[in-house]
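Notes to accompany the following structure.
Every read-out reported here was derived from the displayed coordinates using simple, explicitly stated rules and does not represent laboratory data. Note that the coordinates shown come from a computational prediction; the quantities given were computed from them, not determined experimentally. Note: ideal-geometry Cβ built from the backbone for every residue, glycine included; neighbour counts use all protein chains shown.
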Amino acid sequence: MSKIGEALLFFRENDWRSILVRLNTRDTHPLIQFIKYGICGVGSLAVTSLVFWPLCAWGKFPALESAGLTNEVRALNVTYNKSIAFFFGNIFAYVSNSMWVFTTGRHHRVLEFIYFSAVSTTGFVISLLAGPLLIKIYGISTFASFLLEIVASVLVNYVCRKFFVFKG
């Protein structure tokens, strides 16, 4: 709790220019780093969503309830769509996190990207299994399945990326 208090004090005692300078440094308070991580996550979510919804779910592999598909077919199409969207979202996440949030150099760049992707893929596979399963068994909406993936990914990915992939 003292770390949160320190961060709040920093925001209260500094002007916007100082806050922005601090945001753009890699060696910053953990709460500020998590905010930066969240901003990159929103960017990755935007890329993933743009690929998933208009390009895939409404197009290539229909996955919306209104398409009149069975839950089994819809769940399978969600799996395809998530896999395609994940590829693009992961690349965006790696580039933005390595340029702005975390300090690179713990591993060679190629190995770093492989580890980053392995962490992302682990969370993705778990959500990929859980989301369609929930659609099949409980008939939840495609949107609810998508939101559950986001929550799980944020929590697991931040910890793994901070302590295992990057220098911190």
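What to note about this one:
- Volume per residue of the convex hull around the Cα atoms, evaluated for the stretch 42-165, comes out as 88 Å³.
- Here the Karplus relation 6.51 cos²θ - 1.76 cosθ + 1.60, evaluated at θ = phi - 60°, turns the backbone of the stretch 144-152 into coupling constants of 4, 4, 5, 5, 4, 4, 4, 4, 5 Hz, with x for every Gly and Pro.
- Note on Y80 and R26: with the Förster distance fixed at 30 Å, the Cβ-Cβ geometry gives a FRET efficiency of about 0.20.
- Just checking the listed ones, I35, I150, I19: in the Gaussian network model of the chain with Cα springs under 10 Å, the one fluctuating most is I19.
- The separation of the stretch 74-120 from the stretch 1-50, counted between C-alpha centres, amounts to 21 Å.
- Measuring spread by the Cα atoms of the stretch 28-97 yields a radius of gyration and Dmax of 15.0, 50 Å.
- Local electrostatic count, I140, Cβ distance below 13 Å [Lys/Arg +1, Asp/Glu -1]: 0
- Computed [θ] at 222 nm, deg cm²/dmol, the chain (DSSP H ≥ 4; -39,500 (n - 2.57); rounded to nearest 500): -23500 deg cm²/dmol
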